[in-house]
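These notes are about the structure you will find just below.
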Amino acid sequence: MTVDHPELTGLTAAGKPMSSPLRDVRALSRRMVGHFLDHVIPCATLPGDAVRGDVTAVTRVCLELAVGTLDGQDIPGKIDRLHAAAAGWAREGIPIDTIHHALHAGFRMGFGLVVANLTTEDFDKVVAGVTMMVDILDTMTSTVSRAYLSEYRAVVSEHHNAVHTLVSALLGGHPSSTMARECGITIAEGYAVLALSIPAHPDEHNPYLDGQVVARRKLRRVQAVLASRCRGQALSLLSIDGGTILIPDTFDHDAGLDDLVTTVSEAAQVGVTAALVDATTAQIPDAADQAHEMLDMLARLRALPGLYRFDELALEYQLTRPGPGREVLGALLAPLDEHPELLETLQRHISHDLNRQRTARTLHIHANTVDYRLKRVGQLTGLDPAQPADLWYLRSALIARTYRPQ
């Protein structure tokens with residue numbers, strides 16, 4: 001990035017080049033660095049060799065950039081050197097605000113020197129010079145910011161790749177302590193294995209928006225919540241549609257996981273559904289398969305968003321296993337094949353805990369219509385939804401039916 005003002009080439013004021021006070025770049029750079037150390041840079045933020053070498057050299061580069069720009073010269077090499085130095089500072093862990101404070105402090109010193117001997121007769125040149133100096137500062141700060149952002153993205157990408165490799169190893173039954181150490185993560189003795197389903201955000205289908213961008217933002221919000229709420233302990237393999245999360249047993253599984261799923265839903269701005277299976281590290285592969293089978297079952301049953309544990313769905317899970325029992329149960333609802341509205345009403349009524357008002361609102365019908373349809377279900381199947389024993393069979397039949405070949 002360069003500053004180009006051809007109409008302001010070779011700015012002068014008071015009969016001298018406006019850059020004159022800045023031309024002794026060696027002496028001025030040492031003076032500026034001394035000021036940085038005394039008033040700007042916190043103690044021990046920068047190592048001594050960096051102050052003596054890199055920082056002083058880059059300060060000199062910034063002064064040369066200012067002088068060249070005021071003299072109307074195009075010097076892109078200076079920007080490249082600043083970018084490279086800022087990338088190095090980012091790798092050293094030097095806070096970006098420290099660098100920006102130093103840049104602004106140096107700018108104030110340099111600007112004060114430039115305008116110190118100007119008079120009111122130089123007003124037009126001062127305005128032009130101020131505009132150019134502001135552009136110079138903008139160039140410097142944006143260059144530093146781009147360098148830091150580039151380094152940050154590289155580090156985050158490297159960490160994410162390492163974590164994904166570790167999670168893949170755990171899910172495959174091949175945990176690696178070496179791999180974990182490289183990620184800075186300790187493998188726990190046990191994990192809560194969550195299979196997560198994240199529906200599409202409404203804006204993903206908005207024709208005026210880029211659906212992929214909306215989806216990626218949704219995923220980033222979810223990942224940020226996981227990192228914050230689990231203090232970096234959660235291991236995940238997630239896409240815009242969901243995936244698998246491993247949360248170590250050091251996390252409060254009893255109360256914390258329900259709240260976590262609620263918070264994830266709020267971040268995603270959609271209703272998230274999660275299936276949970278607890279497992280030791282060695283059991284993770286089987287637990288992950290089981291959790292995703294539960295999640296598939298919940299989707300088939302049109303379950304409401306939320307967190308579901310295996311012990312809460314053990315019966316439903318067993319009913320979905322292949323065998324003659326599943327086939328017989330699924331056949332109980334065959335009389336409703338010609339009446340899809342009755343089947344949907346029964347399914348919605350059960351998923352809403354037999355609340356006829358909520359069922360009616362979901363289906364956009366009157367509560368009395370719900371009663372009529374449920375009565376018809378009883379007449380056609382011989383199983384009355386109002387009777388607890390018959391309702392148990394109907395519920396089981398719905399579960400089994402979702403796995404019937406189409």
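The values are calculated or read from the model by the stated rules, or taken from the named source; none is laboratory data. Predicted model only: the values in this text are computed from it and were never measured. Neighbour counts run over all protein chains shown; Cβ positions are idealised from the backbone, glycine included.
Checked against (1) in a loop (DSSP other than H, G, I, E, B); (2) under 42 Å from the mean Cα position of the chain (by Cα), residue 316 meets all criteria but (1). Where strands (runs of 3 or more DSSP E) fall entirely within the stretch 217-284, none has at least 3 residues that are surrounded by fewer than 18 Cβ atoms within 10 Å (Cβ to Cβ) and among the small types (Gly, Ala, Ser).
When the stretch 86-117 is examined, which residues are found to be in contact (Cβ under 8 Å) with a residue 40 or more places away in the chain and small (Gly, Ala, Ser)? 86, 87, 90, 102, 105, 106, 110, 116 - these are the residues of the stretch 86-117 that are in contact (Cβ under 8 Å) with a residue 40 or more places away in the chain and small (Gly, Ala, Ser).
Figure legend. Inter-residue proximity from the stretch 216-230: first residues small (Gly, Ala, Ser), second residues surrounded by 18 or more Cβ atoms within 10 Å (Cβ to Cβ), beta-carbon distance below 8 Å, spacing 6+ or different chains. Indicated pairs: 224/267; 227/234. Listed by position, the helices (runs of 4 or more DSSP H) contained in the stretch 325-404 that have at least 3 residues being within 40 Å of the chain's Cα centre (by Cα) and at pLDDT 90 or above are 340-351, 356-363.
Just checking, does the stretch 288-304 include any residue being more than 27 Å from residue 403 (Cα to Cα), assigned to a helix (DSSP H, G or I), out of contact with any strand residue (DSSP E or B) (no Cβ under 9 Å at 6 or more places or on another chain) and not assigned by TED's automatic domain parsing to the domain that holds residue 363? For the stretch 288-304, residues more than 27 Å from residue 403 (Cα to Cα), assigned to a helix (DSSP H, G or I), out of contact with any strand residue (DSSP E or B) (no Cβ under 9 Å at 6 or more places or on another chain) and not assigned by TED's automatic domain parsing to the domain that holds residue 363: absent.
Does residue 10 satisfy the condition of being under 18 Å from residue 133 (Cα atoms), surrounded by fewer than 16 Cβ atoms within 10 Å (Cβ to Cβ) and at pLDDT below 75? So residue 10 fits the description; yes. Taking the stated definitions as given, is residue 397 touching a residue at least 24 places away in the same chain (Cβ under 8 Å), within 27 Å of residue 197 (Cα to Cα), out of contact with any strand residue (DSSP E or B) (no Cβ under 9 Å at 6 or more places or on another chain) and not charged (D, E, K, R)? For residue 397, the condition - touching a residue at least 24 places away in the same chain (Cβ under 8 Å), within 27 Å of residue 197 (Cα to Cα), out of contact with any strand residue (DSSP E or B) (no Cβ under 9 Å at 6 or more places or on another chain) and not charged (D, E, K, R) - is met.
Residue pairs whose Cβ atoms lie under 9 Å apart, sitting 6 or more positions apart in sequence or on different chains, and linking a residue in the stretch 59-83 that is more than 20 Å from residue 31 (Cβ to Cβ) and buried (at least 22 other Cβ atoms within 10 Å of the Cβ) to a partner that is of a type in the set (Val, Ile, Thr) and at pLDDT 75 or above, are 69/136; 69/139.
Screening residue 46 against (1) over 17 Å from residue 17 (Cβ atoms); (2) modelled with pLDDT of 70 or more; (3) not in a helix (DSSP H, G or I) leaves a single unmet condition, (2).
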